[in-house]
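A short worksheet on the structure shown next.
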Amino acid sequence: MQLRNPNGLSYAVIVLLALNIVFDLVLAASEIRALSGPDEALWATTFVGINLNLAYSVAFTLYVATGIVFIVWFHRLRKNAEVWAGDLQSRKPGWAIGGWFIPIANLWIPRGVAVDIWRASRWQPHAAVGRGELVLLNSWWTVWVACMVVDRIASQLYKQAVTADALTTAATWSLAGYLLDAAAAVLAILFVRRLTSMQQAKATGMIPAAVTKTHPSAQ
């Protein structure tokens, strides 16, 4: 098994996450307008010249694309972790993909895989995890899980809303969801950059020159 360069995928993930942040803020602004504007019919369909139905469609497509590229990046890093510290990996590489699609369990399985990858990507994989070492990973994961929960609540509230007050409540939860998603995306960008740089530094420092010439992708 050989190392594979995750840099290109990491750049793609970061760009997609940044675009998600833009759409999160646009849609959050539309919810703020919904909570304060008197013309519900108008703000429900447009905001500052943007067709919100189109924005929702584009945002959903972008979200799916981001998820796919992120998981491909995540799986590549998990395969690299197998090279450095396979004994520390509590789950097979396939879990780096499948773990995201198991209802309920996807709230903790990918995090466990991420922790294993993180440990393997350090200079000393078998050293104890230092105090505060996983703050970035845990912060990203906590905010992302919170976002998933809030989004689910907002969706259910919108489906059940039949009064103006109910719509206001749903819009408030939806606003919180967009803001949490934007925050999770920012933390995800930092996480992707950090973990990719850890693997890049380790690969560059430990692979002999002869090997890197034979396998440029491992550089």
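With an 8 Å Cα cut-off and a minimum separation of 6 or more residues, compute the relative contact order for region 7-204 in percent.
Relative contact order here is 31 percent.
Under a plain spin-label model, where a point goes 7 Å from the Cα along Cα-to-Cβ, how far apart in nm are Ala29 and Lys92?
Reported label-point gap for Ala29 and Lys92 is 4.8 nm.
Sequence gap at least 6, Cα distance under 8 Å: using those rules, report the relative contact order of region 120-209 to the nearest whole percent.
In percent, rounded to a whole number, it is 39.
Taking 0.36 nm per residue of sequence separation and subtracting the Cα-Cα distance, how much length would be gained by fully extending the chain between Ser197 and Ala127, in nm to one decimal?
Full extension of this stretch gives 23.3 nm more.
Note the full-extension length gain between Phe60 and Ser139 as 0.36 nm times their separation in residues minus their Cα-Cα distance, in nm to one decimal.
Net length gain for the segment: 26.1 nm.
Give me the one-decimal nm value for the distance between modelled label points at Ala105 and Tyr11, 7 Å along each residue's Cα-to-Cβ direction.
3.7
Each reported figure results from applying straightforward, stated rules to the coordinates on display, with no laboratory input. All values reported here derive from a predicted model rather than from experimental measurement. Neighbour counts run over all protein chains shown; Cβ positions are idealised from the backbone, glycine included.
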